[in-house]
Amino acid sequence: MTETPTPAPLLSLRNVTKQFPAHGGASPMPVLAVDDVSLDIAPGETLGLVGESGCGKTTLTRVILQLAQATSGSITFDGRELTTLSRRQLLSVRRELQVVLQDPYASLNPRMRVRDILAEPFATHGLLPKGRGRGKAARDAVSKLLDSVGLDPAVQDRYPHEFSGGQRQRIGIARALALEPRLVICDEPVSALDVSVQAQILHLLQSLQTDRGLSYLFVSHDLSVMRQIADRIAVMYLGQIVEIAETEELFRNPRHPYTQALLSAVPVAGHRSSRVVLAGDPPSPANPPSGCRFRTRCPLAQDACAEARPPLASQGTPGHDAACFFPVDSITELARAQERVAPAAA
Amino acid sequence: MTIDSVVAGTPDETETTIALPSTAPRQQSGWRSFLKALRKNVVAQIALGILVLVVLVGIFAPLISPFDPAAQDLIHRLKPPIWVPGALPGHILGTDDLGRDVLSRIIYGTRVSLLVGVAATVLSGVIGTVIGVVCGFYRGKIDALFMRLADIQLAFPTILLALVVVVVLAPSLWVVIVVLGLNGWMSYARVIRSEVLSLRSRDFVTAARAIGDNDVQIMFRHIRPNILAPLATIGTLQVAAMIVAEASLSYLGLGVPPTIPTWGGMLAEGQLYIATAWWIAVFSGLAIVLTTLSINVTGDMLRDFADPKAYR
């Protein structure tokens, strides 16, 4: 991309950490779900956040949304520090910071009509006129919203269970857009949908972005989806960002062994590439390994990896950082190393 | 039926617009779909019919009862129902040990049963729901406190506690209502609490928080509609249980003062003459059984109806 002076970021995280207190068990240890994460999202940008299940993606979104309190670190939105805002001040920020949730079957109240679901943001923020005109104003606002996500405004008298998954997700998106936010956090918005519907929803999100100049923080574990929608991608492993780069750069030149393993798992039509199959499961965030979090599964790990945590360091191309002491250049090299460490069964 | 109004929005030319499949039933007005649901369920029709009848009888007791329920006629005591030889004309269900008309007493007893059943249920429902919602929503110490309290009260025999209180406070209709009301909150509190516990972590509550709803808004907009179905179910069952509890108290002679005719009181009196004058106990018992059964069946139907998914 061009090197114009970067605009002030819309959302900026600095050293954000979220620790959950220990709970029960024989030797309870606090769970470090998000560990020292720093990110910036520019206005109009889509930042993708990938990582496997349980790596802290969702926790990070909840911390940004102030639905969970960050243990430490700073979160600024449009120059305002969110972590210290009062409830009332936070309410005004919420108009600009919204969320689309993963499961469209759980994210809509089954006992509320679509109209009530979509009118709720207006009601909460006191945007509906009092008295007589209220019902009509709500109806009109909801009609406009439904129209903007490609649904017939006539469906507003129905209940969520009368819709398909894709249609429900459109309603979820409409709810997020009701307050005309500037940043929408999409927490795996298409992972619960059929592939054909996924494309429609992604298309909708993209056209809404162009029309309204939205920024997205797009969380997913699906790299093909990411490639389609994200401008930049951050890769998360066990609560930490291990690599961040512009989308094409990341796909062309992954530096962190974890990213490489992830990318090698993406199927490419008519092209058989070497795959790196990581051994084992990610370690527990309640008891993370010392130094580099990935070293327990990394075929290239050396002694240094156990001693210190590798910092996010520039990998040549501007904007491309990776947290690895020994980044590799090619996937075949990594695959060969993996073969040595754990010979594949197949 | 509103099949003709089923047709969803016309397909739009824009690529992204999705017309709903025309098979999706259009949301009907609540009353209409209620009648539709009722039409399919013969048992519920009968139960609802009996219930309506019982309520009407309670309301219009003075108009329809053939005799004064308190009027004694010692000469014509223990007369059988009219289809049994030796009956006294006019007294359809016979007379009791003091010569009072059994039918009239059952008709007047309806009032007490319904009043106690409904009032005690509402009282315990309000208390139990508030406690359940607060405990489930905030958890922590309040939750622990009220749930242990519920455990204690559940472990304590309700009828014994009620007896003690009624004896201490002297029996009256309102004492009975309050005592039964304070004794019934636990089942609401527990069911509602567990319901709220699962509701508060649901995604739509997360979305509501992201929108900026505060706790009260979440409770009223999102929790409330989702606990109405379990509330209706427990509530109707509870009405029946309260009617039986009131009858038990009256049967033990410690419920409503004996001057007011009640089903439980009649059952107690009738018990003494069960061998010779079965009609006193049988008809009052029948009134209790029919009413509580109808309430339970209706409650089941209401529950199904209150769940928008159950009928589609």
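With a cut-off of 12 Å on the backbone N, no residue of region A:146-175 is near the modelled label site 7 Å out from A:Ala199 along Cα-Cβ.
Here's the list of lysines a cross-link from A:Lys136 could span, going by alpha-carbon distance under 29 Å and ignoring same-chain residues fewer than 8 apart: A:Lys144, B:Lys309. Candidates B:Ala144, B:Ile92, B:Val112 compared by Cα position along the dipole of region B:30-306: farthest toward the positive end lies B:Ala144, with charges placed on Cβ. Residues of chain A were split at every exposed loop site, defined as trypsin sites (Lys or Arg not before Pro) in a DSSP loop with at most 13 other C-beta atoms within 10 angstrom, and the longest piece left, sites excluded, is A:133-271.
What's the FRET efficiency of B:Arg32 with A:Val266 using the Cβ-Cβ distance as r and R₀ = 56 Å, to the nearest 0.05? Computed FRET efficiency for B:Arg32 and A:Val266 comes out at 0.60. When the chymotrypsin sites (Phe, Trp or Tyr not before Pro) in region B:217-312 are filtered for DSSP coil states and for at most 16 other beta-carbon atoms within 10 Å of their beta-carbon, the remaining sites are B:Tyr273, B:Tyr311. Evaluated at q = 0.17, 0.26 Å⁻¹, a Debye calculation over the C-alpha positions of region A:69-121 (equal weights, vacuum) places log10 I(q)/I(0) at -0.74, -1.03.
Globularity index of region B:113-250 is 1.16 (Cα radius of gyration / 2.2 N^0.38 Å, N = number of residues).
Taking amide hydrogens as placed 1.01 Å from N in the peptide plane, the amide H of A:Cys186 sits under 5 Å from those of A:Val100, A:Leu217, A:Phe218, A:Val219, each at least 5 positions away in sequence or on another chain. Cα extents for chain A along the principal axes, largest to smallest and rounded to whole angstrom: 74, 51, 48.
For region B:40-153, the Cα gyration tensor yields ellipsoid semi-axes of 45, 18, 12 Å (square root of five times each eigenvalue, largest first, whole Å).
A dipole drawn for chain A from +1 and -1 charges on Cβ atoms has a positive end, and of A:Pro283, A:Ala70, A:Pro267 the residue lying farthest that way is A:Ala70. Electrostatic tally near A:Glu339: other residues with Cβ closer than 12 Å to its Cβ, Lys and Arg +1, Asp and Glu -1, net +2. In this structure the amide hydrogen of A:Met29, modeled in the peptide plane, comes within under 5 Å of the amide hydrogens of A:His23, none closer than 5 places in sequence on its chain. Within straight-line reach of A:Lys18, meaning a Cα separation under 16 Å, sit the following aspartates and glutamates at least 8 residues removed in sequence or on another chain: A:Asp35, A:Asp36.
Residues whose amide H comes within less than 5 Å of that of A:Gln240, counting only those at least five positions distant or on another chain, are A:Asp35 (H built at 1.01 Å from N in the peptide plane). The angle between the Cα long axis of helix A:331-341 and the main principal axis of chain A comes to about 60°, on a 0 to 90 degree scale. On C-alpha positions alone, give me the angle between the axis of helix B:140-155 and the longest principal axis of chain B, in degrees, nearest 10. With rounding to tens, the tilt is 30 degrees. Taking a ≥ b ≥ c as the square roots of the eigenvalues of the alpha-carbon gyration tensor, region A:96-188 is classed oblate because a/c is 1.5 or more while a/b is no larger than b/c.
The label point for B:Val216 and the one for A:Lys130, both projected 7 Å from the Cα toward the Cβ, are 1.5 nm apart. Computed over chain B, the quotient of the alpha carbon radius of gyration and 2.2 N^0.38 Å is 1.27.
Across all Cα atoms of region A:1-145, the radius of gyration (one decimal) and Dmax (whole number) stand at 18.9, 61 Å. Applying Stokes-Einstein at 37 °C and 0.692 mPa s to the Kirkwood radius of region A:167-233, computed over alpha-carbon pairs, gives a translational diffusion coefficient of 272 µm² s⁻¹. So for region B:213-312, considering every pair of alpha-carbon atoms, how many percent are separated by more than 23 Å? The answer is 47 percent, as a whole percent. The longest part of chain B holding none of the exposed loop GluC sites (Glu not before Pro), meaning those outside H, G, I, E and B in DSSP with at most 16 other Cβ atoms within 10 Å, is B:16-312. Fully extending the segment from A:His23 to A:Ser224, taken as 0.36 nm per residue of separation minus the present Cα-Cα distance, adds 68.7 nm. Projected over all directions and averaged, the alpha-carbon convex hull of the protein assembly as shown occupies 40.4 nm².
Read-outs: derived from the displayed coordinates by stated rules, not from any lab. These numbers were taken from a predicted model, which means no experiment stands behind them. Heads up, the Cβs are rebuilt from the backbone with ideal geometry, glycines too, and the neighbour counts pull from every protein chain shown.
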